[in-house]
1. Out of everything in region 290-336 that is part of a loop (DSSP other than H, G, I, E, B) and aliphatic (A, V, I, L, M), what residue ends up being modelled with the lowest pLDDT?
2. Can you find, within region 69-96, the residue that is least open to solvent (accessible area, probe 1.4 Å) among those that are β-branched (Val, Ile, Thr) and over 27 Å from GLY57 (Cβ atoms)?
3. I'd like the full set of residues that are more than 30 Å from GLY32 (Cα to Cα) and open to solvent by less than 70 Å² (accessible area, probe 1.4 Å), limited to region 99-129.
4. Among the residues of region 238-262, which ones are part of a helix (DSSP H, G or I), in contact with a strand residue (DSSP E or B) (Cβ under 6 Å, 6 or more places away or on another chain) and open to solvent by 10 Å² or more (accessible area, probe 1.4 Å)?
5. Any idea how many residues of region 115-131 are in a helix (DSSP H, G or I), hydrophobic (A, V, I, L, M, F, W, C) and in contact with a Leu (Cβ under 9 Å, 6 or more places away or on another chain)?
6. Residues that are of a type in the set (Val, Ile, Thr): list the helices (runs of 4 or more DSSP H) wholly contained in region 1-100 that include at least 2 such residues.
7. Restricting attention to region 158-195, and to residues there that are among the β-branched types (Val, Ile, Thr) and free of Cβ contacts under 8 Å to residues at least 60 places away in the same chain, which single residue is least open to solvent (accessible area, probe 1.4 Å)?
Amino acid sequence: MREQELIVYRDFENGNILNDMVYIMENFDKPGANVGELQTLFYKCFHELLELAGKYGFYGNLWHCYLSNLLVNNENSYSMATEVVGAVEGSINDAVLHDIVIIKELYDYDFSKMLEVLNIHDFSLCENYVPSNRDSQVYNTRICKRIVELAHRFNENNTPSEMKATLTDFYRDYGVGRFGLHKAFRIAHKEDGADIIPITNIAHVNLDDLVGYETAKRKLIENTEAFVEGRPANNCLLFGDAGTGKSSSIKAIANTYYEKGLRIIEVYKHQFIDLNDVISQIKNRNYKFILYMDDLSFEEFEIEYKYLKAVIEGGLEKRPKNVLIYATSNRRHLINEKFSERGAKEDEIHFGDTMQEKLSLVDRFGVTIYFGAPDKKEFNRIVIELAKREGIDISEEKLMLLANQWELSHNGRSGRSARQFIQYLLGTKCEG
């Protein structure tokens, strides 16, 4: 079978459709072919293409979208070498071109004779598919659109060499596989290690959406830009009062620098035991990865911080240059410390050493950025700016009066409280 001749592009996810379609292509016009069996198999493939369209959000020519999706998700020696950096040299190009010749044959396949022999009707649904309004369960709208556009560009390629160049450009611009097509991830613990799973619905917050905290944002931007540009950068701790934009700043960083190859992996402290496995999966990729730890803090009985310290600095294996740790916390020193601990302990002679071990965790973060609750003047400025952005038609005097009443009866002055107040105004359609 033709697809068995592939050298580099093998072991496709959802490759069963490809295998079945190639089998039909090679057997439908052979003497003695079981037309009924092949017809049933074709309708099975037809069904699966429609299901993939619903799952992935594809539209237009579903056969072309399917093949394009196979290519952009296949992590192999060539695709991972060209992600972010573009074309490479060497014999691997000849092997890939050999594969693209086969894939282009499948891409350009004329189904008309097969449809006639097998008495297949309505296949035009797959050739010009109009989707429902339901969003993709796998990709966000932007990624889905890019894959559909790639399928259209392949239509314009007259030769396998042109198709290979188009695919290489896609890898350079958007990457390959889960790390190329998604910006944020979470971890799932498995018996055989950690599984890094895409987060398909990350908040589309930008740094400009966060009013105030200009000095804090500038420090975060400088460190992150150094990282994505391959210059020395530090692990970063964002600490301070609740609701001041620490977590939103990290999400904004993920959105802002995605196009430059930045990826975010969210890690909870009970998953620190999996950190070494996670790092081993990402250390040789051409992306920059931030291991993001939100609301990080430890009680005195929790020892997970030891795993984190070992990963940040001090283990036998050096932390890869494409990995940094960004954490947010309401605590400056991360580990809960009680006054009672400062006294002498009957069962611990070198108690000072223990305290230093706990307090040293924050020292592993080269950059610390403080996000404090705004004073009244700054809080009012945030409210005014957010109201202006949302087009709320209300006098400034009344806006300030309502905002101050809100923060007194809710969670005090913070960026989060200001946003919640604006949402309240939008919901009640307050005017005047």
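1. Let us first name the residues in region 290-336 that are part of a loop (DSSP other than H, G, I, E, B), namely 294-297, 299-303, 313-322, 330-334, 336.
If we keep only those that are aliphatic (A, V, I, L, M) as well, we get 296, 303, 316, 334.
Details: LEU296: 80, ILE303: 62, LEU316: 53, LEU334: 57.
Top of the filtered list is LEU316.
2. VAL96
3. ASP99, ILE100, TYR129
4. LYS246, SER247
5. Residues in region 115-131 being in a helix (DSSP H, G or I), hydrophobic (A, V, I, L, M, F, W, C) and in contact with a Leu (Cβ under 9 Å, 6 or more places away or on another chain): 3 in total.
6. On the way: elements: 15-27, 35-56, 62-73, 77-82.
Output list reads 15-27, 35-56.
7. Taking the candidates together, the pick is THR166.
Rundown of residues vs (1) within 24 Å of GLY243 (Cβ to Cβ); (2) among the charged types (D, E, K, R); (3) at pLDDT below 80, yes/no style:
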{"site": "PHE339", "(1), (2), (3)": "no, no, yes"}
{"site": "VAL362", "(1), (2), (3)": "yes, no, yes"}
{"site": "LYS377", "(1), (2), (3)": "yes, yes, no"}
{"site": "ASN404", "(1), (2), (3)": "yes, no, no"}
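The values are calculated or read from the model by the stated rules, or taken from the named source; none is laboratory data. Bear in mind that the values here come from a model prediction, so they are computed numbers and not experimental data. Every residue, glycine as well, gets a Cβ built from its backbone with ideal geometry; the counts of neighbours run over all protein chains shown. These accessible areas exclude ligands, DNA and RNA; they are computed on the full protein's heavy atoms, side chains included. Shrake-Rupley method; radii C 1.70, N 1.55, O 1.52, S 1.80 Å.
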